[in-house]
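Asker: One structure coming up, written as structure tokens, with questions to follow.
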Amino acid sequence: MNPGATRPALNRKVLLIFGATLLVYVVCQIATLQGTLRHFDTGFETEDFYHPAAVNILDSGVYGFGTAPNIEPSTFRPPLYAVVLAGVYSIFGTDEVAGLVLNNVLLTALIIVTFLAGARFGPWIGLVAALILMLDPIFLAHANRNQSDLLFAFLMTTVLFFGLRAIQRPVSLLNVSLCAIALGLALFTRAAALYLWIPLCLVMLFGLWQSSPRYKVFVAIAIVAVVQSVVVFTWSERNKSITGNATYASMMGWHLVSFYAPLFIAKRDGGNAQDHKRTLMNDVVSDPEYQKMSLGEQERYLAEYGKQLVKDNWLYALLVIPDNIPKMFLGYPAEVLAVHMSEQHFAAWQEMALVRHETSFQADTWEIASRVELIRYYLANGLVPLLTYGVFLKILNALVLIFAAIAIIRMVLAGSPEQRKAAFLIFLVFGALAGTALLTTQARFRVPVMPAISIPAAIAFVTFIRWAYFTRRSRRPDVSAS
């Protein structure tokens, strides 16, 4: 499984299987999109952020909210998804369905890139890695929401693909550049990529140091750093001209105070996080001094207040992370299957989903009683297919995490130099991405991480299958001897 100069060639059998499987998956995508639109006019529920922003970009050339001529420019998030969405709207009209089609196309492309990245370790590994993604409905769920998750995930998977090509062969500055550009575009899509250039540069340094001329190693690192600096500087300066704050995205303070702090305060004081969230935000917005501040001053205040809350409660802030691991990696978007069910069963699911949506923020990850109650509801209302697939998915994703961890450890300790480099790329870059997402998480935050995790999981799975096959074969009696 050496993906370097002797990288395994894709064989026709695997390509045919992958093509047939992908075709079936595309049919499932189309059926899911149609089912979604039967029940939801504009796709699954979202916070309605990107669609109005895209419409304003298209109509007025301003990334912001409100109606012309009084559009207020936004500094909350990077703009790339809204810009791409505006481009799609300029061709097909400002119907949100066009955004859902865009996301489904990005999902198909993401699976293809995952297959190609995994195939660098062997064609069957690429196939298994792609299958892992196809079996997780979280991808279909967010392909049918007008959100930035699929664009971000596609770009991060492209970072993985070109990153593997950059470090697993004599250094190619073209591949380094393509990797850096993909990461820059990912950063221009979601601020979660803000610091990923640092582990990527470390991977470039240690991955290329022994096999490439020193000057090329430094040029590779410089390319990554320069591309990220250009993205951060230009957008930060734009935001500074609006609010006076040279921040890349103004959402940090809001996320710390409104989402992260309620979780660790509930861990410290008991009660539910929703009540603590309400109390925290009411204390902030009702403060007369806060009300007198400009928008930029309010952003600075929230950011500093959030950081102080974390410093004062650092132990409880850390204890939130174990709770968030199963939420992120084992969360089950049942809506993807529900839209294919009868109207009666869909209504039963929707009634349950609305109730759980109201209480999900404060739900205890390890609370058994609520899980038992949910199972009873599924069984009593004919939702056994949803329950069955939910159990299957949780087992599958748990095994994927275990297999991936085993493979990465083995690749670091006993793998070839190329495998060791790949393990560090996945662990450092995508581990950092997962780590930031685990502070205040949702299941959708695994979408950009799972393509990278699926590859070492596939390596471990294929290795295990081969071991089992050859072990069984070696134990067969030698009938030719008799």
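Every number in this text was worked out from the coordinates using simple rules, so none of it is lab data. This structure is a prediction, so every number in the text was calculated from the model and none was measured. Please note: Cβ atoms are built from the backbone with ideal geometry, for glycine as well, and neighbour counts cover all protein chains shown.
Asker: Can you compute the FRET efficiency between Glu297 and Thr234 using 1/(1 + (r/R0)^6), with r the Cβ-Cβ distance and R0 = 25 Å? Round to the nearest 0.05.
Answerer: 0.60
Asker: Related question: With the alpha-carbon atoms as the only input, what is the per residue convex hull volume for region 242-397 in Å³?
Answerer: Expressed per residue, the convex hull around the Cα atoms of region 242-397 is 157 Å³.
Asker: Give me the Debye-computed log₁₀ of I(q)/I(0) at q = 0.14, 0.20, 0.23, 0.29 Å⁻¹ for region 159-224, equal point scatterers on Cα only, no solvent, two decimals.
Answerer: After summing over all Cα pairs, the log10 values are -0.34, -0.68, -0.88, -1.32.
Asker: Taking the Cα centre of each part, how many Å lie between region 256-282 and region 374-422?
Answerer: Distance between centres, Cα-based: 30 Å.
Asker: Just check region 107-203 against the gyration tensor rule for me: Cα atoms, a ≥ b ≥ c as the square roots of the eigenvalues, rounded for a/c under 1.5, and otherwise prolate or oblate depending on whether a/b exceeds b/c.
Answerer: Because a/c hits 1.5 or more and a/b fails to exceed b/c, region 107-203 counts as oblate.
Asker: Could you tell me the relative contact order of the chain? Use alpha-carbon pairs under 8 Å, at least six residues apart, and round to a whole percent.
Answerer: 19
Asker: To continue, here is another question. Once every Cα of region 197-278 carries one equal point scatterer and solvent is ignored, give the base-10 log of I(q)/I(0) from the Debye formula at q = 0.26 Å⁻¹, two decimals.
Answerer: Once normalised to I(0) and log-transformed, intensities are -1.07.
Asker: Ok, one more. Note the full-extension length gain between Asp283 and Leu387 as 0.36 nm times their separation in residues minus their Cα-Cα distance, in nm to one decimal.
Answerer: Gain on stretching Asp283 to Leu387: 33.3 nm.
Asker: log10 I(q)/I(0), Debye, Cα-only region 129-182, no solvent, q = 0.19 Å⁻¹?
Answerer: Taking Cα atoms of region 129-182 as identical point scatterers yields -0.72.
Asker: Rounded to two decimals, what is the ratio between the C-alpha radius of gyration of region 190-238 and 2.2 N^0.38 Å?
Answerer: 1.29
Asker: If you line up the Cα atoms of region 308-447 on their principal axes, what length do they span on each, largest first, in Å?
Answerer: 56, 41, 22
Asker: Want the number for Leu396 to Asp41: 0.36 nm per residue separation, take away the alpha-carbon distance, what's left?
Answerer: Difference between extended and current length: 124.6 nm.
Asker: I've got another one for you. Suppose the chain between Arg410 and Phe92 were pulled fully straight at 0.36 nm per residue; how much longer would it get relative to their current alpha carbon spacing?
Answerer: 109.6 nm is the gain from fully extending Arg410 to Phe92.
Asker: Hey, another quick one. Taking Rh as the Kirkwood radius, which is the inverse of the mean 1/r over Cα pairs, what is the Rg/Rh value for region 1-135?
Answerer: The Rg/Rh ratio comes out at 1.12.
Asker: Can you list the lysines whose alpha carbon is less than 29 Å from that of Lys311, not counting same-chain residues fewer than 8 positions off?
Answerer: Straight-line reach from Lys311, under 29 Å: Lys240, Lys267, Lys277, Lys292, Lys327.
Asker: Please rank Tyr50, Tyr89, fewest neighbouring Cβ atoms within 10 Å first, as an exposure proxy.
Answerer: Tyr89, Tyr50
Asker: Report, in whole Å, the centroid distance computed from the Cα atoms of region 220-243 and region 58-103.
Answerer: Taking the Cα centre of each part, region 220-243 and region 58-103 sit 22 Å apart.
Asker: Using the C-alpha gyration tensor of the chain, what are the square roots of 5 times its eigenvalues, in whole angstrom, with the largest one first?
Answerer: Taking √(5λ) for each Cα gyration eigenvalue gives 37, 30, 24 Å.
Asker: Here's another thing I want to ask about it. Let's see if you can work this out: charge +1 on each Lys and Arg Cβ, -1 on each Asp and Glu Cβ, no other charges. What is the dipole magnitude of the chain about its Cα centre, in debye to the nearest 20?
Answerer: So the magnitude is around 2680 debye.
Asker: Then there is this: Give me the distance between the Cα centres of region 119-172 and region 428-469, rounded to whole Å.
Answerer: 10
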